[in-house]
Amino acid sequence: MTTSIASKNKTDLARVHLLGIRHHGPGSARSLEASLKEIEPDIVLIEGPPEAEALIKYVQGPPEDPSNSEEAADADRLIPPVALLIYAKEMPKLACYYPFAEFSPEWRAMLYANQSRIPCRFIDLPQSHWLSMQSKQKQSAGIDQVLSNLTEADKIRLDPIGTLASLAGYEEGEVWWEQLVEQRSDSQIFEAVSEAMTALRTAVREDEEEERSKIDEDKQIFDEDYYIEPLREAHMRTCIRQAQKEGYKSIAVVCGAWHGPALAQTVKAKDDNQLLKEKLKDLPKLKVEATWIPWTNSRLSFESGYGAGITSPGWYEHLFHSDKGSDTTLSWLVKAVKLLRAEDFDASSAQVIDAVRLVESLAAMRNLHHAGLTELQQALVTCVLSGNEMPLALIEKKLLVGEKLGHVPAEVPGTPLMVDLQKTSTRLKLKQEALEKLLELDLRKPLDLERSSFLSCLQILGIAWGEKQKKKIKTSTFHETWKLQWQPSLSLAAVEASIWGKDVRQAATARAIDLGSNSPTFAHLVDVLSLSLDGGLLEAVEKTMTLVGERSATCFDMGELMEALPVLVGIARYGNVRGHNPQSMDTLITSITERIIVNLESTCLSLDEDAARRMQRQITLMEEALRLFNKKELLEDSRAVLHRLASKSNIPALISGRSAKLLYECSYLSQEETVRLMHFALSAASAHSYSGQWLEGFLTNNAQVLIHDPIFFHIVDDWIRGIKTDAFQELLPLLRKTFGAFSYSERRQISERVQSPGKTALAETSARADDDRLLTEVLRTVQLMLGVNHDHQ
Amino acid sequence: MEATTDLLRQHAEAQFKEELSQLAAVDKRQKPPRWLLSPWAVLTYLMGGKLENGYEISPKYIGNKRIMEIAVATLTTDRALLLLGVPGTAKTWVAEHLSAAISGDSTMLVQGTAGTAEEAVRYGWNYARLIAEGPSMQALVPSPIMEAMKLGKIARLEELTRIPADVQDSLITILSEKTLPIPELGSEVQAVKGFNIIATANDRDKGVNELSSALKRRFNTVVLPVPATLEEEVDIVARRTEALGRALELPAEKPALEEISRVVQIFRELRAGATLDGKTKLRSPSGSMSTAEAISVMNSGLALAGHFGDGDLKAEDLAAGIVGAVVKDPVQDSLVLKEYLETVIKEREGWKDFYRSLRHLI
Ligand SMILES: Nc1ncnc2c1ncn2[C@@H]1O[C@H](COP(=O)(O)OP(=O)(O)OP(=O)(O)O)[C@@H](O)[C@H]1O
Ligand SMILES: [Mg+2]
């Protein structure tokens, strides 16, 4: 819409074209481009943070000269999605993002201005004011909280076009915009939008006045918006006047549709100036910095400086690139079907045709001129996917989000996270070197502790500068070894990590919480917890602890819980090295262990061999963890269960054997009782494979019992002797596996014991048989089993 | 208004005759060939609503309107419609009402069973006549589907997946060519505009006779979900219990919403395998715990209360029905129910009566 703002000289009136758009709206982006081409303005003013004005120059399209082919296309330039990041220099926690997609109207406007070589300015209220208002609030609320606190009026303001669309029965603003465009020509559409906005604003204002009279003091978000909106609009009007004063003749103003009517209002310059002066004078002056950072499509859905985000950027991109009308439907369905086929779903062209017909019919039934995403998805499910919605989830990321990471050229000054990373590295005397290097840390020294936390934070952020080495000796809990190596790709990782926050700790916290809430497995979640603790991220520790508690309560895989125990116990024992209070961890471990104890026996009843082998390891982990944890009752209870596992014949032999071993080694079971169990397992009535597996469970990492305890040796010896040749051949691999895992010296000792005359039943028998040939054969077999080559004297 | 007769159960088009004619009277929108109502009016008939003249249409399907829109839109594109879902999600119910509203006739029905023969889908012969007169149109006994093709109406096919695979195959020609060849007569029946098929199938007891992909492709599939929220399900059960109670002339008091809500909660929790607050994980029984079963629990409870109790619906009247619905496998399911009683119901405030009556029975 074209309007005039009061100006002293009537004859010298500049034309001001107010182009009210929908942030991230591909429909308005297209209309906007068309209008700009028609208007041919000599300056473009955009609702955006003035502090970032110097960064507009980086917005360039792909090089036009196609002869430079691929290299040119890949030239180091800004590639959306990217975001302008404005942050307070002294307090980078205070920051604001302005994300842009390729189809964002503001992006198109900057591009147009740069390509037409006309000036382009940001005219919104400077972020230095905005951020300093935020800093005055006691605590800046998280986005979730902000969104849930929104009043009806706030929501309308955030997406007024969406509001109008839903009033018109459209689920989505963009489809409605398309319809508007069709009813009017492109150049008229901004007028239509402005008319609608005027009506909407009046309605909202009345509402708000009423609300305000009821609202209480601490609803700050509401208050802030209430004060800030008129300020922003006054500022924008002032900037427009400034451009007029400078003699620009045709001024294009690109702003959220909501502001259109306010900018068209005739307000005296004096009044605007006074309002600004009065309201801003008490605010501290904040120094802010701005930079471009890469953004991702999925993060376009976040709320930001441009209000509410969008949930399906992939769909918007499609709308932006495709021609209007039914072609949108067809090409979208074809795209979807292609992706489905790539996921191995059958989808024929005939079905696509049916889907197109259903989309049209559905739109007609719903009184829509254009089908939207809803209709398209429903038709896909109904006609192509036999009513099954699951496959849609598989292609959702590619189709709806169209996951992409933007790119920022090296010439753009760095992000706060990168700056913080640099600063912290310097402070902690960590040099970024390409050469691999070992770093020994003593966590009792504050500097070393901080270094360890810092490196752990970087790990959480995917900036793999340091790698913690596994501890060789378990005793020294204060000692850590890190392998450090800086690679160029890490700079990129740091830029990418910038979307998580403004400094390393804050970003690592956000990332850890995100990782934790999306953990695929319980064990992974526990790892995140452990990393958060290493990073000293108490907020993340607290959140992930809660998650661990919640997930453990609904996790029915006892094995997963058992594998997590050592890590949790480690945290409980050593957490205080890092200043974490382990009290809540104790409670958590106790409750998890109690659950395991209750369920362990029934879990063990139905395991195949692989699962039993895992379980054998898991009960070992649990027993070891609980020994460290050292809570008497818990240990007693868990051992009582192990005792049952050891005694019952319907439990897999591996597990019974292992349980017996664990219990014998901590003296829970007497030698007598253990011998009884072994006899039982190796008794003639048991299948050989059962006995063999029992032995594997009992003897793994437990050679000493054979070497030093004649009774056990005797039983095993007897048993092996009793096996018939055929069966022995079959058992051999299993036995070799068990015995072969012993160390060489252990195997030697056992072998010697077999040979030493008089001492063992085996030798006695052989001697009695007085058959040298037999003895030789037996010994060869034993050697085969043990895998040692022992010269037979 | 619902007409009263002595019939135990009337066809939808008879029971809701008044509603259908009121709708027809105000319906000015375009109708597909041979439809008695426009798609809009069919939708209103299903979902309920107030007409311009103030007449109130009762809701038949309680749930997401979008789903019914897809079903109706499918029929306007003359693609066959397959209603898929776990037992008791109103598949049969919706199919009957759709055909009543569109064709004014919900009786052209093939009930699918393992024994359904080709004759039931295509045509059979009157053998006396066949022998006396030789093959002729007069000697032919048309199936309900053939009948519907000739009349341009909707035919219904219940439990499609129970029909043997070779019989299913004979549907393919009907659906793709819209003709039914009669090789014995060297002739065919061509479907008149307005003909279509609504099939229902249960996706829980799978593997009965999986649909061939060729047949699957000829249907648009709409899945009827289990009710999304407790409120929605309570609403369904309350309305249906009341309507059925009236139809069966059950003597008890109108069921208290409170009791319905508790029964539905039990059903939903066991079905979902978690308590409503999401705090406790539960094991699900082997049965389907469908809404339809919740309705029948309420009804038998009402009957018990009416005939043997004091007319007031109590937990003990409902308990037997609940146990019946949960315990399909006497060993596994009783364990499941016991565990649920001990870990959830027992602790729940104000549920003592349910705990006691149920504990008593298992
Ligand atoms: N969403 C709903 N709206 C209205 N009634 C419902 C709904 N869900 C279930 N019902 C009621 O449940 C009863 C059983 O439904 P119906 O027999 O149609 O189920 P079905 O899906 O065909 O089950 P089956 O697979 O066992 O054949 C009907 O009386 C119906 O009224
Ligand atoms: Mg049915």
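Could you go through segment A:416-425 and let me know if any residue there is buried (at least 22 other Cβ atoms within 10 Å of the Cβ) and at pLDDT 85 or above. The answer is yes; a qualifying residue exists.
Selection of segment B:177-195 for residues being among the charged types (D, E, K, R) and more than 11 Å from B:M146 (Cα to Cα) yields B:E177, B:E184, B:K193.
Within segment B:267-282, the only residue that satisfies the criterion of being within 14 Å of B:K328 (Cα to Cα) and open to solvent by 40 Å² or more (accessible area, probe 1.4 Å) is B:R271. Within the option set B:L180, B:L185, B:L171, B:L140, being open to solvent by less than 60 Å² (accessible area, probe 1.4 Å) and farther than 23 Å from B:N126 by Cβ holds for one residue only, B:L171.
Take segment A:366-381 and flag every residue that is under 32 Å from the mean Cα position of the chain (by Cα) and either at pLDDT 90 or above or within 11 Å of chain B (Cβ to nearest Cβ) (or both). Spell out how you get there, then give the answer.
The first filter runs over segment A:366-381 and keeps only residues under 32 Å from the mean Cα position of the chain (by Cα), leaving A:372-381.
Residues satisfying the conditions are A:T374, A:E375, A:L376, A:Q377, A:Q378, A:A379, A:L380, A:V381.
Residues of segment B:53-93 that are away from every other protein chain (no Cβ under 14 Å), in contact (Cβ under 8 Å) with a residue 60 or more places away in the chain and within 13 Å of ligand 2 (Cβ to nearest atom): B:P87, B:G88, B:A90, B:T92. Take the conditions (1) open to solvent by less than 70 Å² (accessible area, probe 1.4 Å); (2) in a helix (DSSP H, G or I); (3) within 28 Å of B:P59 (Cβ to Cβ); B:S288 misses just one of them, which is (2). Restricting A:K397, A:K445, A:K431, A:K437 to those that are open to solvent by 70 Å² or more (accessible area, probe 1.4 Å) and under 28 Å from the mean Cα position of the chain (by Cα) reduces the list to A:K397. Scanning segment B:77-119 for residues that are open to solvent by 30 Å² or more (accessible area, probe 1.4 Å), of a type in the set (A, V, I, L, M, F, W, C) and away from ligand 1 (no atom under 16 Å from the Cβ) gives a single hit, B:A117. Screening the candidates A:L32, A:L45, A:L19, A:L13 for the property of being in contact with a Ser or Thr (Cβ under 9 Å, 6 or more places away or on another chain) and at pLDDT 90 or above yields one hit, A:L19.
Looking only at segment A:386-406, residues that are assigned to a loop (DSSP other than H, G, I, E, B) and away from every other protein chain (no Cβ under 14 Å) come to 4 in all. Is it true that B:G311 is within 16 Å of ligand 1 (Cβ to nearest atom) and either touching an Asp or Glu at 6+ places or on another chain (Cβ under 8 Å) or assigned by TED's automatic domain parsing to the domain that holds B:K91 (or both)? Answer is no for this residue.
Note on segment A:646-665: residues that are surrounded by 14 or more Cβ atoms within 10 Å (Cβ to Cβ) and part of a loop (DSSP other than H, G, I, E, B) amount to 3. The residue pairs whose first member lies in segment B:30-45 and is within 11 Å of another protein chain (Cβ to nearest Cβ) and part of a loop (DSSP other than H, G, I, E, B), whose second member is open to solvent by 20 Å² or more (accessible area, probe 1.4 Å) and among the basic types (K, R), and whose beta carbons are closer than 9 Å, counting only pairs six or more residues apart or on different chains, are B:P32/B:K193; B:S38/B:K28; B:S38/B:R29; B:S38/B:K31.
Conditions (1) within 12 Å of ligand 1 (Cβ to nearest atom); (2) within 14 Å of another protein chain (Cβ to nearest Cβ), marked per residue:
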| site | (1), (2) |
| --- | --- |
| B:E188 | no, no |
| B:K193 | no, no |
| B:A214 | no, yes |
| B:L230 | no, no |
| B:V237 | yes, no |
| B:T241 | yes, no |
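The set of residues from segment A:69-113 being at pLDDT below 95 and in contact with a Cys (Cβ under 7 Å, 6 or more places away or on another chain) comprises just one member, A:I86.
For segment B:139-147, the criterion of a residue being outside the structural domain of B:E293 (by TED's automatic domain parsing), under 22 Å from the mean Cα position of the chain (by Cα) and within 28 Å of B:V264 (Cα to Cα) is satisfied by no position.
The values are calculated or read from the model by the stated rules, or taken from the named source; none is laboratory data. These figures come from a predicted structure and were not determined experimentally. Virtual Cβ from ideal backbone geometry, glycine too; neighbours counted across all protein chains shown. Only protein heavy atoms, including side chains, enter the accessible area calculation; ligands, DNA and RNA are left aside. Shrake-Rupley method; radii C 1.70, N 1.55, O 1.52, S 1.80 Å.
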